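The values are calculated or read from the model by the stated rules, or taken from the named source; none is laboratory data. Computed from a prediction, not measured in an experiment: that's the story for all the values here. Every residue, glycine among them, receives a Cβ derived from its backbone with ideal geometry; neighbour counts consider all protein chains shown. Protein only, heavy atoms only, side chains kept; ligands, DNA and RNA dropped before computing areas. Shrake-Rupley method; radii C 1.70, N 1.55, O 1.52, S 1.80 Å.
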Amino acid sequence: MKREIMTTADGSTTIHIPEWNEQYHSKHGAIQEAYHVFIKTGFNHLSKALSPIKILEIGFGTGLNALITSLEAKNQNREVNYCGVEGYPVSQEEMSQLNYATALDDASAEAYFQKIHKGNWEENFVVHDQFKLIKQEKMFDEIENKKEFDLIYFDAFGARVQPELWEVSMFQRMYEAVKDNGVLVTYSAKGSVRRALQEVGFVVERLDGPPGKREMLRATKRN
Ligand SMILES: C[S@@+](CC[C@H](N)C(=O)[O-])C[C@H]1O[C@@H](n2cnc3c(N)ncnc32)[C@H](O)[C@@H]1O
């Protein structure tokens with residue numbers, strides 16, 4: 001499918017898919033959305049006792065969520081092992097048109113972004129002392145991890161264009177992939193998504209959404 005770079009309301013770029021009229025991030029602000037949904041509501045919510053924090057990202061896309069998590073790991077002095085799963089990796093040429101390194105107010109962002117994208121797929125590599133990454137090129141329905149992750153960033157395209165990724169079978173896979181007390185965060189607040197998460201066993205909270213969105217969901221595996 002054709003992919004184009006576009007600029008969102010906070011000045012940060014994202015990728016637009018014309019055929020679906022769908023974006024990799026919110027048009028209201030890619031960086032703002034990513035910080036709100038994944039860092040503020042997910043990463044910062046985890047117990048300070050967890051180390052390393054094991055994170056699974058669905059799907060890796062532009063690497064923005066990995067980049068901001070690497071910055072938070074450094075700034076908060078927390079250790080993170082991050083696994084990004086992606087079926088259709090972004091090319092080097094697309095990556096070079098994304099402005100995250102300059103849009104983020106952090107001197108380390110450029111170096112980390114380069115490392116994140118230059119690292120080989122399917123290999124664990126070090127972005128900095130507190131952030132290890134593995135990028136896996138595969139489809140989400142090939143994920144078979146069991147009780148491995150503390151946190152899932154569930155960042156699939158919307159149910160309007162990929163409804164199959166928001167169904168019980170996918171959330172069952174996610175439920176199995178997280179440890180007891182593990183957490184899944186997503187920008188979606190749809191009732192059908194909330195009910196599918198509950199059906200597989202997650203306890204679900206509706207929380208304030210990022211700019212342009214009233215609510216989002218956080219789901220916890222409580223035993
Ligand atoms: C909303 S975007 C992810 C944005 C990403 N988190 C970021 O920060 O750029 C959804 C991603 O899921 C990938 N994808 C879509 N369907 C997939 C599938 N069935 N299996 C694996 N990856 C898939 C897309 O290629 C896209 O990169």
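The table for this structure:
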quantity	calculated
Test: residue in region 209-221 that is part of a helix (DSSP H, G or I) and either farther than 29 Å from Ile31 by Cβ or polar (S, T, N, Q) (or both)	no
Counted residues, region 140-149 - those being hydrophobic (A, V, I, L, M, F, W, C) and open to solvent by 30 Å² or more (accessible area, probe 1.4 Å)	1
Number of the condition not met by Lys147 [criteria: (1) part of a loop (DSSP other than H, G, I, E, B); (2) away from the ligand (no atom under 14 Å from the Cβ); (3) in contact (Cβ under 8 Å) with a residue 60 or more places away in the chain; (4) within 17 Å of Val185 (Cα to Cα)]	(3)
Region 65-79, residues that are touching a residue at least 40 places away in the same chain (Cβ under 8 Å) and within 15 Å of the ligand (Cβ to nearest atom)	Asn65, Ala66, Leu67, Thr69, Ser70, Leu71
Residue count, region 29-56 (criterion: closer than 13 Å to Tyr153 by Cβ and basic (Lys, Arg))	2
Odd one out for Glu199 among (1) under 19 Å from Val85 (Cβ atoms); (2) part of a helix (DSSP H, G or I); (3) acidic (Asp, Glu)	(1)
Filter result for the condition that a residue is aromatic (Phe, Trp, Tyr), within 18 Å of the chain's Cα centre (by Cα), within 16 Å of the ligand (Cβ to nearest atom) and open to solvent by 10 Å² or more (accessible area, probe 1.4 Å), over Tyr82, Tyr88, Tyr100	Tyr88
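Residues are listed down the side, and each one gets a yes or a no for (1) out of contact with any strand residue (DSSP E or B) (no Cβ under 8 Å at 6 or more places or on another chain); (2) at negative phi; (3) basic (Lys, Arg):
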position: Met170; (1), (2), (3): yes, yes, no
position: Met174; (1), (2), (3): no, yes, no
position: Val178; (1), (2), (3): no, yes, no
position: Gly182; (1), (2), (3): no, yes, no
position: Ala189; (1), (2), (3): no, yes, no
position: Arg194; (1), (2), (3): no, yes, yes
position: Val200; (1), (2), (3): yes, yes, no
position: Gly209; (1), (2), (3): no, yes, no
position: Arg218; (1), (2), (3): no, yes, yes
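Yes/no per residue for (1) out of contact with any His (no Cβ under 9 Å at 6 or more places or on another chain); (2) buried (at least 16 other Cβ atoms within 10 Å of the Cβ):
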residue	(1), (2)
Lys115	no, yes
Asn120	yes, no
Gln130	yes, yes
Leu151	no, yes
Phe157	yes, yes
Pro163	yes, no
Met174	yes, yes
Ala177	yes, yes
Leu184	yes, yes
